[in-house]
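Everything on this sheet refers to the single structure shown next.
Each value in this text was obtained by applying a stated rule to the coordinates, not by laboratory testing. All figures in this text were calculated on a predicted structure; none of them were measured in a lab. Here the Cβ positions follow ideal geometry from the backbone for every residue, glycine too, while neighbour counts run over all protein chains shown.
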Amino acid sequence: MNSKTGQLLLLLILTLSLVSCAMTSGEADIPSLPRNPQAAENNVRLGVIYMQQGKMPLASTKFKRALAQDPNSSLVYWTNAVFEEKLGEVKTAEKYFRKAVQLNKNDSEAHNNFGAFLCRQGRVDEALEEFELAVKNPLYQTPEFAYTNAGVCLVQQNDSARAREYFHKALEINSNNATALYQMALLNYGEGRYVRAQDYLQRLSGQARNNPKVLWLCAATERQLGNFAEANRCKLQLRKNFPLSREADRLP
């Protein structure tokens, strides 16, 4: 998979949220086409673009064409799985995820995204198994993503001790992992360790700091430390850049 496709698929996963849609999707809609792996990958890329644009019928067409053009591709199956979950077709999504990891047991992206799916279904133990399978592959280029996803999954279960272990592993691989840094800051803030929370927040750089959740946590942490000038700076930036956000509403 080339880097451009990888970036698009990462964007797809980062912005995934379940929605209710009138349209449905399923194997009955898969067309009959000659096998063409390159065309299948191109259609996956187009499907991601259309999905990001909210053009769901067009995205559905591209994903289904990809499935017909390369029915032996793990990539094609797990991207179809992500799309099916987007439509709210959870059973079909799981079937596609399982087919993806069956086709290629070394597809770490498939395992990682299947794990994230299982976590969203509340199946934490199964999710952690998939994340561990993802990082077992020595050729996986971004294992910090799987470790971070595992940590986030455990945070949602209020298991902060195990979550920290996974975030630490992610940061050992990539010390600039924005999600892991934010989550560690949030955990420390919740435990009253404000200096540690501040340290993790300060390690965030650039665009990662210009985020409503990060700015709210910055304001709250600096206020607890008595750094009112810095707290006000974060508050002003939050109100200016994200005036309609939930975090802006939560400001004192």
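Remark: the chain carries a charge dipole of roughly 720 debye about the Cα centre, counting +1 on each Lys and Arg Cβ and -1 on each Asp and Glu Cβ. Residue order for HIS168, HIS111, fewest other beta carbons within 10 angstrom first, comes to HIS168, HIS111. Straight Cα distances below 21 angstrom link LYS95 to the lysines LYS62, LYS64, LYS86, LYS105, with same-chain residues fewer than 8 positions distant left out. Taking amide hydrogens as placed 1.01 Å from N in the peptide plane, the amide H of GLY88 sits under 5 Å from those of VAL19, each at least 5 positions away in sequence or on another chain. Normalised by the number of residues in segment 60-161, the mean separation of alpha-carbon contacts (under 8 Å, six or more apart) gives a relative contact order of 18 percent. Each of THR79, THR142 has some number of other Cβ atoms within 10 Å of its Cβ, and from fewest to most they run THR142, THR79.
Near the amide H of ASN36, within less than 5 Å, lie the amide hydrogens of ASP70, all on another chain or at least 5 residues away, with H placed in the peptide plane. In the chain, the calculated helix contribution to ellipticity at 222 nm averages -22500 deg cm²/dmol per residue, counting -39,500 (n - 2.57) for every DSSP H run with n ≥ 4. For the chain, the Kirkwood hydrodynamic radius from C-alpha pairs, put into Stokes-Einstein at 20 °C and a viscosity of 1.002 mPa s, yields a diffusion coefficient of 110 µm² per second.
Neighbour counting of Cβ atoms within 10 Å sorts the residues TYR200, TYR194, fewest neighbours leading, into TYR194, TYR200. Summing Cβ point charges (Lys, Arg +1; Asp, Glu -1) relative to the Cα centre of segment 112-174 gives a dipole of roughly 120 debye. Note on segment 181-252: dipole from Cβ charges, positive end direction compared against ASN188, THR221, LEU251; the farthest Cα belongs to LEU251.
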